[in-house]
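Only one structure is covered here, and it is reproduced in the block below.
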């Protein structure tokens, strides 16, 4: 949550150093962690600062050792999330791009929107459910919220192409009725696992996908975001 960004960053950095027993002279090669948050103040007493270093270590160790299955719903930072007025949390989805044989995957934390805005498969589901009471008595009645989306692919993409992929995240959110409301904290990060280079090499060679072939990846990214948000709603349980 918002108040745990500091402990999350420091603990992640300690974990990186513990996993890579390197000299201080080479410590810069390890890079720096990125820590983001979504606000869970309606369901979590964040004033107690419950997140400790051991929780961050546990999460990172589990992620490193996990199989292909990714838990969804009330997991990790997604535990206190509310989306479209319903309990939500962490969601994931992936697609194999037909013809290119590349994979696009999304992991997200959804925490935005009001009930009446929810659209699934083009159906205004939220409008139909307006008269049905939710169990959460303290659901915020406002448009603002937040969402963090991490998009990964094994397609060889250059930085500007990854930025184009990240901008397609908004289209997936929009298909579900999200509007990117004022004060909403929307964070999208895209990366590629391709083009791993030898650090000792004095010259670098990188392959990249032709722009003429990138549209199917855009489509996959949009589908993944849409499905991952729905999964975060379905997998989450009332707290």
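The values are calculated or read from the model by the stated rules, or taken from the named source; none is laboratory data. Here the structure is a predicted model, which means the values were calculated and not measured. Cβ coordinates were reconstructed from backbone atoms using ideal geometry, including for glycine residues, and neighbour counts include every protein chain displayed.
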Assigned to a helix (DSSP H, G or I) and surrounded by 14 or more Cβ atoms within 10 Å (Cβ to Cβ) - does that describe any residue in the stretch 206-216?
yes
Answer with yes or no whether residue 178 is surrounded by 14 or more Cβ atoms within 10 Å (Cβ to Cβ), in contact (Cβ under 8 Å) with a residue 40 or more places away in the chain and not in a helix (DSSP H, G or I).
yes
Out of curiosity, is residue 120 at pLDDT 95 or above, exposed (fewer than 15 other Cβ atoms within 10 Å of the Cβ) and in the same structural domain as residue 193 (by TED's automatic domain parsing)?
no
If you scan the stretch 46-75, which residues turn out to be touching a strand residue (DSSP E or B) at 6+ places or on another chain (Cβ under 6 Å) and modelled with pLDDT of 90 or more?
72, 75
How many residues, within the stretch 31-55, are under 22 Å from residue 13 (Cα atoms) and within 17 Å of the chain's Cα centre (by Cα)?
6
Can you confirm whether residue 226 is in contact with a helix residue (DSSP H, G or I) (Cβ under 8 Å, 6 or more places away or on another chain) and either surrounded by 10 or more Cβ atoms within 10 Å (Cβ to Cβ) or at pLDDT below 95 (or both)?
yes
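So that you can scan it fast, the table gives a plain yes or no per residue for (1) in contact with a helix residue (DSSP H, G or I) (Cβ under 9 Å, 6 or more places away or on another chain); (2) over 28 Å from residue 155 (Cα atoms); (3) part of a loop (DSSP other than H, G, I, E, B); (4) not assigned by TED's automatic domain parsing to the domain that holds residue 147:
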| residue | (1), (2), (3), (4) |
| --- | --- |
| 4 | yes, yes, no, yes |
| 8 | yes, yes, no, yes |
| 16 | yes, no, no, yes |
| 33 | yes, no, yes, yes |
| 55 | yes, yes, no, yes |
| 61 | yes, no, no, yes |
| 95 | yes, no, no, no |
| 100 | yes, no, yes, no |
| 107 | yes, no, no, no |
